[in-house]
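Student: Structure below; questions to follow.
The values are calculated or read from the model by the stated rules, or taken from the named source; none is laboratory data. Worth saying up front: this structure is predicted, and the values here are computed from it rather than measured. Cβ placement follows ideal geometry from the backbone for every residue including glycine, while neighbour counts extend to all protein chains displayed.
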Amino acid sequence: MKYTIPAEEVMCSGHKACQGCGAALAMRYALKALGPRTIMTFPACCWSVIDGPFPYSAVGVPLFHTAFETAAVVASGIRAGLDARGEEDINVVAWAGDGGTFDIGIQALSGTTERNDNIIYVCYDNEAYMNTGVQRSSATPWGAVTSTTPARHFKQERKKDMMAILAAHSIPYTASASVAYPEDFVKKLNYAKSIKGTKFLHILASCPPGWRSAPELAVQLARLAVQTHVFPLYEIHEGRYFRMSMNPKKKPITEYLKPQGRFRHLTEEQVADMDRMVDERYEYLLEQAERSKPYFEDKKGN
Amino acid sequence: MQKVIMGNHALSWGALLSRAEVIAAYPITPQTEVVELLSNMCADGDLDAQFIKVESEHSAMAASMGASAAGARTFTATSAQGLALMHEVLHWATGARLPIVMGNINRAMAPPWTIWTEQTDSISERDTGWLQIYTSSIQEIMDSVIQAYKVAEQVYLPVMVVLDSFVLSHTNENCDIPDQSKVDAYLPKFENAYKLDVAKPAAYGGLTGPDWYYELRYKIQKDTERSLDLFEETGKEFGEMFGRPYGLVETYKLDDAEIVLVTSASIASTARPVIDQLREEGHKAGLVRIRVFRPFPSDLLRKLLQGRKKVLVIDRNISFGMSGAFYEETKAALYNEKSAPPMWGYIAGLGGRDVPVDVIKETFLETIKEDHPEGDIIWIGVKK
C-alpha cells in the first residue's frame, strides 16, 4: 500500500490537547503537508492552549499568537512582511477555530479573502467555543446542546455556511476536510500550497468534551459525519465550481448523533427534521457538482 | 529638496524616507491624504513597499503586527474612531514588542460627529505602552517619523507620531525633504532579532502565567524608560545631521521665566507671540512644549519647573472626572518637590474650538491675577 502522507513529523509531542482532540490531529496532518517552511498565526482558540504555555511550543514552526478577530489579517501582514523581504516561498497559515472564523474573525477574513492575499486559512471546526467551555457559535449545528443552548432550548439556528460565504469572495480554492480522512486533507493542503491567493480549508475536528462523546470515538465520529452526509467533503474552485471529494452511500444519521451527548435530547421527530436539513444541503452540493463537471473535465488532473 | 507640503503628506514623506516596507491602512478623515499619497508613492515605484488596503483600522493594526513580526519596517496612520477601534491591538503591538510607527491625527471623539482637533483620542491610548510624540510643525511631523523608527527599533516598542487635525494635518508649510542617502545613514536597514524565522522556530505571545507575565511587564517599563534617553540622543543626532535638533520638550524664553506655560502641539506655536507680548508688558513669561509625552519626561520637567513662581497648563483634551492629561501628569511629576510651583490647569480648544493668541493670553492673565489655583479645571471660553 502506498501512503501519500509524509512520514516527517513537524509537530512535537507534549502538547496540551484533551484526549481524542480532533484539532490536535488536524494540526499534525496539516504540518506534515505544509512542512517546516511555514509560519503560523493563531487567534484565541483551543490551539492557543494546546500549543503549550510560554516558553514551550508544540508546532515546530514559528508561531504568532494573536487577538481573537485577527487571524486572517495578521497572516496577510506576515505575508506582506515576508514578500517585502523576498521570502515568498514560505507558507503563511492562519489557524483558527470556528468562533475565530465564523463569528468574531469573519470581518478580517472577508478582508483578506477579498484582497486575495496569498495565505492558507485553516478553520478547525469543533462546532462551539470549546476553549471557553462549550458555548454556542454560529458553527454549532441545529439541535446541539451547548453551555449557552441548554437541552430545553437547544440551538435553534442552522450552522452558518462558511464555505459559501468564502466562495462568494471568488476565492481561488476552498475545501472541506475531516480528521478521519487525512489523505484527502493532505492532498487538499498540497493543492492549496501550489496555488497563489487565499485558500480556505474547513476541517471538522471532533471534540470529545464538547460533543459529550468518548475520546476513542473521535476519528469514528468524524468519519460518520461524512458518511451520514452531515459534513460532506467537497471543494469549490474559483468560488464557482464544486466538486465532491467523495460521495458515500448515506448511513442513517442516528449513527452519528447517538454517540454524542449534545444530541441526546432530540426526539425522533427532531432527528427527522435534522435529517431533512442534511439532505437538502447535500442535494444542493450534488447539483452544484453536476453543474461544475465541464470545468473539471477541462482542468484535467487537479 | 524644499517643498511646500501639508501635514498629512509630511507623514507620508516620513514613511517614504524611512523606507517603510509594509503599509497597512484604512481611510478616515482627516487622515486620508496620508494613505492616498503613500498609495501613489507605491504605485509609482517611489516607495518599494507592500500596501495592504485593509477593511478596518483594527485590521490595519493587526496587519501591521504581522508584517512587523515578520521583520518588515511597518507604517500606518489613523485618527480618533479608528484609533479607538485599534485599542485592543495597540496593547498587542506593545506586548509583542513590535517597532511599528503610526501617525495619529488628533480628532475629537464622537458622538456628536466631529472631525476637528482634540487630543482625547491619543490620550485615551496613553496606557497601551505606545510611545507618543506630539508635533507642532509640518517639518517636525516628517522628522519625527524618521526619529520614531530609530527609537522604536532599539527598544522594540511602537511609536505614535501625533498631530492636530486640520491645524497641522491640512496646513501647508515649507519643508526640507532630506536626501535619501542621508536618511539611510541616519536610519539604516533594520534587522529584527526576534522576527518570525523558519530557521529559528519559536512561539510568540503564548499563554504566560503569573510566574513570568510580571517580569515581561517590568521589561516593557524598563525599555520605555530607556527610550527617554534614546529620544534625546536621536533628536540630538538628527540635529547634527540635518540641522534640526529635537528634544523631549521645546522651551521658549524659559531661562528667567517666573510664570511658565506648559502645553503641547499647535497651541505651543500660538503661545510664542503671547510670551513676547507678556514680556513687553513686564511679565517674565516662558514656555515649555511637551513633545515626548510617553514616556513622560518627569525628571526634565522637575528640573525645568521647580522654583518657578507659577505654572499653567493648557490641555486640548480631557479625562472626565479629573482634568487635562498634560496638567495631571505635570502636576504628578512635581508633587514630591519641595519647591513645586502652584499649577493651574486650563481646558481649551476641545472639538477644534480655535485657541488663538487672545485665549492663551487670557489663561496667563487669570493665572497672574490669582495667588493659588482653585480646583483642577478652568474652562476657558465655555458657553455656560
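Student: Inside region B:293-340, can you point out the residues that are part of a loop (DSSP other than H, G, I, E, B) and touching a residue at least 40 places away in the same chain (Cβ under 8 Å)?
Tutor: Of the residues in region B:293-340, the ones part of a loop (DSSP other than H, G, I, E, B) are B:295-297, B:306-309, B:316-324, B:335-340.
Within region B:293-340, B:Pro295, B:Pro297, B:Arg308, B:Lys309, B:Arg316, B:Asn317, B:Ile318, B:Ser319, B:Met322, B:Ser323, B:Gly324 meet the criteria.
Student: Considering (1) more than 14 Å from every other protein chain (Cβ to nearest Cβ); (2) more than 22 Å from B:Met142 (Cα to Cα); (3) hydroxyl-bearing (Ser, Thr, Tyr), say which one B:Ser79 fails and leave the rest.
Tutor: (2)
Student: Check B:Val101 against each of (1) more than 19 Å from B:Ile5 (Cβ to Cβ); (2) touching a residue at least 60 places away in the same chain (Cβ under 8 Å); (3) touching a strand residue (DSSP E or B) at 6+ places or on another chain (Cβ under 6 Å); (4) more than 14 Å from chain A (Cβ to nearest Cβ) and name the one condition it does not meet.
Tutor: Failing condition for B:Val101: (1).
Student: Which residues, counting only those in region A:53-79, are in contact (Cβ under 8 Å) with a residue 12 or more places away in the chain, outside any loop (DSSP other than H, G, I, E, B) and within 7 Å of another protein chain (Cβ to nearest Cβ)?
Tutor: A:Leu63, A:Phe64, A:His65, A:Val73, A:Val74, A:Ala75, A:Ser76, A:Ile78
Student: Restricting to region A:34-52, name every residue that is assigned to a loop (DSSP other than H, G, I, E, B), more than 9 Å from chain B (Cβ to nearest Cβ) and crowded, with 18+ Cβ neighbours inside 10 Å.
Tutor: Of all residues in region A:34-52, those assigned to a loop (DSSP other than H, G, I, E, B) come to A:35-37, A:43-45, A:51-52.
Cutting the leftovers down to more than 9 Å from chain B (Cβ to nearest Cβ) gives us A:35, A:43-45.
Selection gives A:Pro43, A:Ala44, A:Cys45.
Student: Filter region A:144-160 for residues that are in contact (Cβ under 8 Å) with a residue 24 or more places away in the chain, surrounded by fewer than 21 Cβ atoms within 10 Å (Cβ to Cβ) and under 17 Å from A:Arg281 (Cα atoms) and give the result.
Tutor: A:Arg158, A:Lys160 - these are the residues of region A:144-160 that are in contact (Cβ under 8 Å) with a residue 24 or more places away in the chain, surrounded by fewer than 21 Cβ atoms within 10 Å (Cβ to Cβ) and under 17 Å from A:Arg281 (Cα atoms).
Student: Take the residues in region B:354-379 that are in contact (Cβ under 8 Å) with a residue 60 or more places away in the chain and closer than 30 Å to B:His170 by Cα; name whichever of them is nearest to the chain's Cα centre (by Cα).
Tutor: Applying the first criterion (in contact (Cβ under 8 Å) with a residue 60 or more places away in the chain) to region B:354-379 yields B:355-357, B:360-361, B:363-364, B:367-368.
Within this subset, residues satisfying the condition of being closer than 30 Å to B:His170 by Cα are B:355-357, B:360-361, B:363-364.
Working: B:Val355: 19, B:Pro356: 22, B:Val357: 23, B:Ile360: 22, B:Lys361: 25, B:Thr363: 24, B:Phe364: 25 Å.
Per the stated criteria, the residue is B:Val355.
Student: Just to check your reading of the model, which residue among B:Thr74, B:Thr29 is in contact (Cβ under 8 Å) with a residue 40 or more places away in the chain, facing chain A (nearest Cβ under 8 Å) and β-branched (Val, Ile, Thr)? Working first, answer last.
Tutor: Working: B:Thr29 fails: facing chain A (nearest Cβ under 8 Å).
Result of the check over B:Thr74, B:Thr29: B:Thr74.
Student: Now, a different point. If you check B:Pro210 against the conditions, is it assigned to a loop (DSSP other than H, G, I, E, B), without any contact (Cβ under 8 Å) to a residue 12 or more places away in the chain and farther than 30 Å from A:Asp51 by Cβ?
Tutor: On the way: assigned to a loop (DSSP other than H, G, I, E, B): yes; without any contact (Cβ under 8 Å) to a residue 12 or more places away in the chain: yes; farther than 30 Å from A:Asp51 by Cβ: no.
The answer is no for B:Pro210.
Student: Quick one: how many residues across region A:80-104 are in a loop (DSSP other than H, G, I, E, B) and of a type outside the set (Lys, Arg)?
Tutor: Keep residues of region A:80-104 that are in a loop (DSSP other than H, G, I, E, B), which gives A:85-90, A:104.
Narrowing the set further to residues that are of a type outside the set (Lys, Arg) leaves A:86-90, A:104.
Result for region A:80-104: 6.
Student: Please verify whether A:Ile90 is more than 19 Å from the chain's Cα centre (by Cα), modelled with pLDDT of 95 or more and of a type outside the set (Lys, Arg), treating the condition exactly as stated.
Tutor: In short, yes.
Student: I would also like to ask the following. If B:Ile275 satisfies every condition in (1) β-branched (Val, Ile, Thr); (2) surrounded by 17 or more Cβ atoms within 10 Å (Cβ to Cβ); (3) out of contact with any Leu (no Cβ under 6 Å at 6 or more places or on another chain) but one, which is the exception?
Tutor: (3)
Student: Restricting attention to region A:80-94, and to residues there that are in contact with a helix residue (DSSP H, G or I) (Cβ under 6 Å, 6 or more places away or on another chain) and more than 9 Å from chain B (Cβ to nearest Cβ), which single residue is surrounded by the most Cβ atoms within 10 Å (Cβ to Cβ)? Please lay out each step first, then the result.
Tutor: If we filter region A:80-94 for residues that are in contact with a helix residue (DSSP H, G or I) (Cβ under 6 Å, 6 or more places away or on another chain), which is where we start, we get A:80-81, A:90-92, A:94.
Keeping just the survivors that are more than 9 Å from chain B (Cβ to nearest Cβ) gives A:91, A:94.
Numbers: A:Asn91: 23, A:Ala94: 34.
Among those residues, the one meeting the criterion is A:Ala94.
Student: Mind listing whichever residues of region B:72-117 are buried (at least 24 other Cβ atoms within 10 Å of the Cβ) and basic (Lys, Arg)?
Tutor: Matches in region B:72-117: B:Arg73, B:Arg107.
Student: Of all residues in region A:130-145, how many are among the aliphatic types (A, V, I, L, M) and in contact with a strand residue (DSSP E or B) (Cβ under 9 Å, 6 or more places away or on another chain)?
Tutor: Of region A:130-145, the ones among the aliphatic types (A, V, I, L, M) are A:130, A:134, A:139, A:144-145.
Adding the requirement that they be in contact with a strand residue (DSSP E or B) (Cβ under 9 Å, 6 or more places away or on another chain) leaves A:130, A:134, A:139.
Looking only at that region, the number is 3.
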